[in-house]
Each structure stands twice: as C-alpha cells, then as structure tokens.
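Colleague: Would you mind keeping the following structure in view while I ask a few things?
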Amino acid sequence: MYEDMTYEVILQRMLDRVSDTFDKREGSVIYDALSPAAVELALAYIQFDMILNESFGDTASREYLIRRAAERGIEPEPATNAILKGEFTPTTLDMLNTRFSLNQLNYVVIELISAGVYKVKCETVGTEGNQYLGDMIPIDYIGGLESAQLTEVLIPGEDEEETEALRGRYFTSFDEKGYGGNRQDYLDKTNALAGVGSTKITPLWNGGGTVKLTILDSNYDRASNTLVAFVQNAIDPTPQGEGYGMAPIGHTVTVDTVENVTVKVAATFTFDTGYTWQQLQTQAAEKLAEYLLELREDWADQSILIVRIAQLETRFLSIEGIIDVSGTSINDEASNLQLTAYQVPVEGTITSE
C-alpha cells in the first residue's frame, strides 16, 4: 500500500515545502538536514505496510496468523509420533518399554497387540517416522532376543500443520461453524485426530441417530485397523451412543475406511529418438502415482472419484522422451474408471504395448 513512499519521494516533498529562495541543492544545509528525516520516514512507511499485512488473515505471516486464528479458538495441529507394528522373536519375551533404533531414529515399544507383536512409537515426531521399516537394533541389551522388525505403519506421524492449511481452517471457521454434532463438528474433531488425513460423513446411514465416518490416514491411504479403532474409541466408544466420546449423546457413530481399487494402466507410447520404455517406465509410474494421490487428497470433497484417461495421457506426455500416447486402457477397459463413494484408487502396474 505504501510502496510509492520511497526515500526520494519523501525527501522531494519535504524540499518542495521549503521556499525556493533558499539553497536546496544536494550538500546544502537544508538538504542535509532533511535527508536523514526522509530516511526515517521511509522506514516508518515500510513498517506501516508490514503492520497492515500482518493485521489480516489472508496476508499474515505464520506468527501473526497463529495469533489471529487463536481469536477463533483455532491452533495449528501439532506434529505427532508415528505408531508402527513391531514383530519380535521369540514371542515369549516381554518387550514393553524397550527401545530400539533404525537408521537415524529411535523407537519405544508401547503396547502389546498379540504374542510377539507390539505397537511401537517413533520418538521423533513428524512424517519422518513413517519412512522406515525393517530390522531394528536394541539400544540396551535384551537377553534372548533373536529378531526385531518394524513391519507396518499403523498410525502415520504428521508434521506440524502447514501455514496455508491453518489459513484455510481460519477462513472456513467464518463460513461453517462446528457445533453439537453437525457435519462441520464431526469433520473438525475427526480430522484433528492424530493420523487422520480426511473424513467423509454419511448421516443416517443405518437409521435415525446413526453416523458413519469413513477416513483416510494422513498419507491419504486406506487407514489401518489400528487407526480405525483409535478413531472409533475417540469419537464413540463402547457403549455407543452414550456420549463417552466426542460424539453427542444419542449419536451412534461407526468409523471405517475405504476400499482400495488397484489401477492398472496400459498404453501405446511413442518415444523420441534415443529413448526407450525401460528408461522412462519409472517416470511414467511416478506420474501415475502422483495423479492417484491427487485424487485421494480430493476424495473427501467429492461424491465419487473418476480416474480419467485424458488426465493420464496428459501427464505421460509431460515426460521428456514421450512424444505420443494412444490406446490407453485402465484395468483392461478403454474408458475412464469410475469408483464408488467409498473407494479410492491406488497404483498398480503400468505397461507399454
């Protein structure tokens, strides 16, 4: 707003207010007296512009957006720890509270699932804890231990909420108010739980007073049974409908997750001189994975998802070395793949015909 209020403009305005009967040239007493004041005023205008930007939610930096959002009772979602499945042999050992390392991360065993199978928490918060599976090394000696492996991510860890996501929640709070078990209330409470990426709500799905929450994890993949059970217990634990969780009294809530539909793509690719399918297959698979992830990220806001051949071909053509794509099929059909409301696409094979 004040970008035109530069040092030169301010100084000239000050000099214009001095009578021309005085010497106002650079180096004169008047010029040298006014010049430092013009610098300070220019700096003040820069601060005015910063204050103006920080006063509004659409332009505020993270620090001041957090303070603005706090006025609406909104705080950034904190980073969370990944919970993984650990498998140990022999299965007769008690592994609770033991600590292990894998690559640069440390883990602690927190809960028994079944004989030799435990929940293991990554001690480092954030998505970094989702990255590694495999053999762990005990930090302290454990007598009789034969093997220790991380085999599955049960509840993905999440990084602290990004600035633009917080900004979006801030503005949404003016349009839709979560209250007393309405749709926005369920969305706010469920999506705020650790490991949950998005939620689709089906009201009255099994009669009056029933609500179904279908969730994806924070990686926008099918939620594990552990995550589903965690969300169920937080929202509406047994006995259901009694108000012992976040759901209001009288609401019977069922939490489940989506069905994965594997997407197999086949197409006829024409390559530029010097390129082969063996060279470009990995890039094509990455383009497919990126597209399907975008669809899953948008799943909660759509009634159904459609995997479109035109979108696939456009993305394949963006790969250097591919000059044409034709005859594209999805799951052996030369047509778009339409999913149900509770299905999401996951990457399968991609072949060149």
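FYI, it's all coordinate maths here, none of it is from the lab. Source: prediction; values computed, not measured. In this analysis, Cβ positions are derived from the backbone assuming ideal geometry, glycine residues included, and neighbour counts consider all displayed protein chains.
Colleague: Summing +1 for each Lys or Arg and -1 for each Asp or Glu, what net charge is found among the other residues whose Cβ lies under 9 Å from the Cβ of A69?
Modeller: +3
Colleague: Moving on to the next point. Bin by bin, in steps of 10 Å, what percent of the Cα pairs in the chain do you find, going until the bin that has the longest distance?
Modeller: 5, 16, 19, 20, 17, 10, 7, 5, 2, 0, 0
Colleague: Could you work out the local net charge near F271, counting Lys and Arg as +1, Asp and Glu as -1, over the other residues with Cβ closer than 12 Å to its Cβ?
Modeller: It works out to a net charge of -3.
Colleague: With Cβ to Cβ distances under 13 Å as the rule, what net charge do the other residues near N336 carry (K, R +1; D, E -1)?
Modeller: Spelling it out: positives minus negatives among the neighbours equals -1.
Colleague: Please find the FRET efficiency linking D301 to E146, where r is the Cβ-Cβ separation and R0 is fixed at 51 Å, and quote it to the nearest 0.05.
Modeller: FRET efficiency, D301 to E146: 0.60.
Colleague: Here's a follow-up. Distance in nm between label sites at E290 and N260, each 7 Å beyond Cα in the beta-carbon direction?
Modeller: The two pseudo-label positions are separated by 2.2 nm.
Colleague: I've got another one for you. Report the paramagnetic label zone for V117: residues of the stretch 77-99 whose backbone N is under 19 Å from a point 7 Å from Cα along the Cα-to-Cβ axis.
Modeller: The answer is 83-97, whose backbone nitrogens lie closer than 19 Å to the label point.
Colleague: Given Cβ point charges of +1 (Lys, Arg) and -1 (Asp, Glu) and nothing else, what value in debye, to the nearest 20, does the dipole of the chain about its Cα centre take?
Modeller: Once rounded to the nearest 20, the dipole reads 880 debye.
Colleague: Now, a different point. How big is D, in µm² s⁻¹, for the stretch 60-109 by Stokes-Einstein at 37 °C and 0.692 mPa s if Rh is the Kirkwood radius over C-alpha pairs?
Modeller: D = 223 µm²/s.
Colleague: Assuming a viscosity of 1.306 mPa s and a temperature of 10 °C, what translational diffusion coefficient in µm² per second does Stokes-Einstein assign to the stretch 176-257, Rh being the Kirkwood radius over Cα pairs?
Modeller: The diffusion coefficient I find is 128 µm²/s.
Colleague: Give the calculated FRET efficiency between T172 and T210 to the nearest 0.05, with a Förster radius of 35 Å applied to their Cβ-Cβ distance.
Modeller: Computed FRET efficiency for T172 and T210: 0.85.
Colleague: Taking θ as phi - 60°, what are the ³J(HN,Hα) couplings along the stretch 93-104 by the Karplus curve (6.51, -1.76, 1.60), each to the nearest whole Hz, with x for Gly and Pro?
Modeller: After applying 6.51 cos²θ - 1.76 cosθ + 1.60, I find 6, 8, 9, 4, 6, 7, 10, 9, 10, 8, 6, 9 Hz.
Colleague: Further question on the same structure: Across the stretch 190-197, in residue order, what do the Karplus-derived ³J(HN,Hα) couplings come to in whole Hz, using 6.51 cos²θ - 1.76 cosθ + 1.60 with θ = phi - 60° and x for Gly and Pro?
Modeller: 6, 5, 7, 6, 4, x, 8, x
Colleague: Taking R0 as 35 Å, what FRET efficiency do you get between A33 and E3 from their Cβ-Cβ distance, rounded to the nearest 0.05?
Modeller: 0.85
Colleague: Roughly speaking, what is the stretch gain from T349 to T163, that is 0.36 nm per residue apart minus the C-alpha to C-alpha distance, in nm to one decimal?
Modeller: Full-extension gain reported as 63.4 nm.
Colleague: Rg(Cα) of the stretch 260-352 divided by 2.2 N^0.38 Å?
Modeller: Taking the Cα Rg and dividing by 2.2 N^0.38 Å, one obtains 1.08.
Colleague: Also: To the nearest 10 degrees, how steep is helix 225-235 against the longest Cα principal axis of the chain, on a 0 to 90 scale?
Modeller: Its long axis makes an angle of about 60 degrees.
Colleague: Using only Cα atoms, what Kirkwood radius does the stretch 81-155 have, in angstroms?
Modeller: By the Kirkwood definition, the hydrodynamic radius is 11.9 Å.
Colleague: How far is helix 277-297 tilted off the main Cα axis of the chain, in degrees rounded to 10, range 0 to 90?
Modeller: Result, in degrees: 80.
Colleague: Here's something else I'd like to know. Based on the mean of other Cβ atoms within 10 Å per residue, sort peptides 203-210, 127-134 so the most packed one is first.
Modeller: Going from most to least packed, we get 127-134, 203-210.
Colleague: Mark the label point 7 Å from the Cα of D135 along Cα→Cβ and return the residues of the stretch 60-87 whose backbone N is within less than 20 Å of it.
Modeller: From the stretch 60-87, the list is 85-87.
Colleague: Please get the size of the charge dipole for the stretch 81-155, origin at its Cα centre, with Cβ charges of +1 on Lys and Arg and -1 on Asp and Glu, quoted in debye to the nearest 20.
Modeller: With Lys and Arg at +1 and Asp and Glu at -1, about 120 debye.
Colleague: Let me ask another. Can you pull the percent of Cα pairs in the stretch 195-353 with separation above 24 Å?
Modeller: When all Cα pairs of the stretch 195-353 are counted, 45 percent exceed 24 Å.
Colleague: Across the stretch 1-106, how large is the tail of the calculated P(r) beyond 16 Å, expressed as a percent of all Cα pairs?
Modeller: 75
Colleague: Considering just Cα atoms, how many Å³ per residue does the convex hull of the stretch 7-54 enclose?
Modeller: 58
Colleague: In addition: For n ≥ 4 DSSP H runs only, could you compute -39500 (n - 2.57) per run for the chain, divide by its residues and tell me the 222 nm figure to the nearest 500?
Modeller: -10000 deg cm²/dmol
Colleague: A follow-up question, please. Can you give me the angle between helix 29-54 and the longest principal axis of the chain, using Cα atoms only, in degrees from 0 to 90, rounded to the nearest 10?
Modeller: Between helix and principal axis, roughly 30 degrees.
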